[in-house]
Amino acid sequence: MRHARRRIVRRVTRLAAVGGLLLGGAMVTQAAMASEPSGTSAVPFSSTQGAPGTGAELVSALGASRTAGTWLNSQGRTVVAVTDAQAAARVKAAGARPKMVSHSMNELKAATRTLRAAPRVPGTAWVMDYTTNQVVVQADSTVSASDWAGMSKVASGIGSYVRMERTKGAFTTRLNGAQPILSTGGRCSAGFNVTNGTTDFILTAGHCGPTGSTWFADNQGNQQLGQTVQSNFPGNDFSLVQYASGSAGQGADIVAIGNGNGVRITGVGDPAVGERVFRSGSTSGLHDGEVKGLDATVNYPEGTVTGLIETSVCAEPGDSGGPMFSEGIALGVTSGGSGDCTSGGTTFFQPVTKAMQALGVQLIVSSQAAAQQGASPSSAPSASATHSAIAPGSTSPGSTAPSTGVAGETLLARLTNPRNIGPGMLVIGGSLIALVATRWFRAEKDRNEYRRYYSATWG
């Protein structure tokens, strides 16, 4: 009876070990071949409203005559510039930090209108610096001494709160998630995937190409990506590229950040001055910086663009149109700037909220993100959305480029990646140990039985 039970135990153990080997093998195969994370079916979702009690809400409630912008300080606290004690008290009561200033937002905007009315000088830009309560006029290396003198005269006529600065390099558009999109006019970067409810598009920079431009996902022009159906540049800097297939495909809520990785986008909003932001582009990859100003005006050689976001993030030719985001929230698409990612520079971005409103489209996010937000177009994005890198599966800007698998790895790389195959290999290892153990116990039993037989025969 006892021997019968032992035989049953051994048989069950062997069967379990064999089953474990099959299961482990299946786990390794699945890890190697997997290409898309689950739950990425796209639905439209957008938000342009900040949460109650934020600096933007306080500025809106108090008005442009009593405030002069808002920003985040080095401790992450919201600061609101105010012009009177009553406004300061309201800001403090709301949990933010007030700062008394001399010039209201109305005065700062009047200064920018005066600058705009002056003769246009390519290579100049201006932005309202909320932290210093000034309008900063920048002139790049292409601006001549006479033009600089002319701009300085206009600035001095406005008042001491207009500051003149020289910058290195030249203000240029960055034509040449950030995946490359190519046409006969050059190379740009895909921004964010958006939809009008029936057709999907790439939101990218307007200077990348006029309406009718055809875009490809490869240098050979074999994989047609889509065609520009709406474009606004200069004035603004955004355009829509309609997918040739009509659909953005799987992973539409993910922007590439390099090395086959990506960031899942969960909502859309407007940045705050002082906020840390990230930009991804097909030339220079992922870089971060800080929002320096809002409602910036840039006089590119091709024309003037207004309402831009000024940042300290670097960018290079080919990065145009690439996405800017923070904590999974879409903020802007790359317009242009000066400098590069070796020496640093200034980069301007077209706000996503303004572009989407003008184009009548909504951001595409995963069904999971939409469910968390109540699947409502007016829901505010979650403040706790993560910026953690995830494997996007397909690293293409849409459905036309070939899928490269997890993190863009080859099959051999995926098979040798312990992060992919680790769990399956553990199951296989445990099963092999169990199988070897049962065989060893069987062999040991046979040896003992032989010893007993030998002793009985030759004793």
(Q) Give me the residue from region 72-108 that is outside any loop (DSSP other than H, G, I, E, B) and polar (S, T, N, Q) and, out of that set, surrounded by the most Cβ atoms within 10 Å (Cβ to Cβ). (A) Thr78
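Examine region 136-156 for a residue that is part of a helix (DSSP H, G or I), of a type in the set (Asp, Glu), under 30 Å from Arg77 (Cβ atoms) and not assigned by TED's automatic domain parsing to the domain that holds Val79, and state whether such a residue exists. Give the derivation first.
So the first thing to find is which residues in region 136-156 are part of a helix (DSSP H, G or I), and the list is 145-156.
When the remaining residues are screened for being of a type in the set (Asp, Glu), the result is 147.
Next cut, under 30 Å from Arg77 (Cβ atoms) only: none.
Looking through region 136-156, none of the residues is part of a helix (DSSP H, G or I), of a type in the set (Asp, Glu), under 30 Å from Arg77 (Cβ atoms) and not assigned by TED's automatic domain parsing to the domain that holds Val79.
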(Q) Please go through region 234-245 and give me each residue that is under 24 Å from the mean Cα position of the chain (by Cα) and more than 17 Å from Gln357 (Cβ to Cβ), ordered by number. (A) Val241, Gln242, Tyr243, Ala244, Ser245
Q.
So Ser156 ticks every box in (1) touching a Phe, Trp or Tyr at 6+ places or on another chain (Cβ under 9 Å); (2) among the hydroxyl-bearing types (Ser, Thr, Tyr); (3) surrounded by fewer than 18 Cβ atoms within 10 Å (Cβ to Cβ); (4) within 30 Å of Leu108 (Cβ to Cβ) but one. Which box is left unticked?
A. (1)
Q.
Being of a type outside the set (A, V, I, L, M), within 22 Å of Arg66 (Cβ to Cβ) and part of a loop (DSSP other than H, G, I, E, B) narrows it down to one residue among Thr112, Thr131; which is it?
A. Thr131
**Q.** Qualifying residues in region 274-289 (those that are not in a loop (DSSP other than H, G, I, E, B) and not small (Gly, Ala, Ser)) - the one surrounded by the fewest Cβ atoms within 10 Å (Cβ to Cβ)
**A.** Asp288
Q. Restricting region 303-352 to residues that are among the small types (Gly, Ala, Ser) and assigned to a loop (DSSP other than H, G, I, E, B), which is nearest to Gly267 (Cα to Cα)?
A. Gly328
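The values are calculated or read from the model by the stated rules, or taken from the named source; none is laboratory data. Computed from a prediction, not measured in an experiment: that's the story for all the values here. Cβ atoms come from the backbone with ideal geometry, glycine included; neighbour counts cover every protein chain shown.
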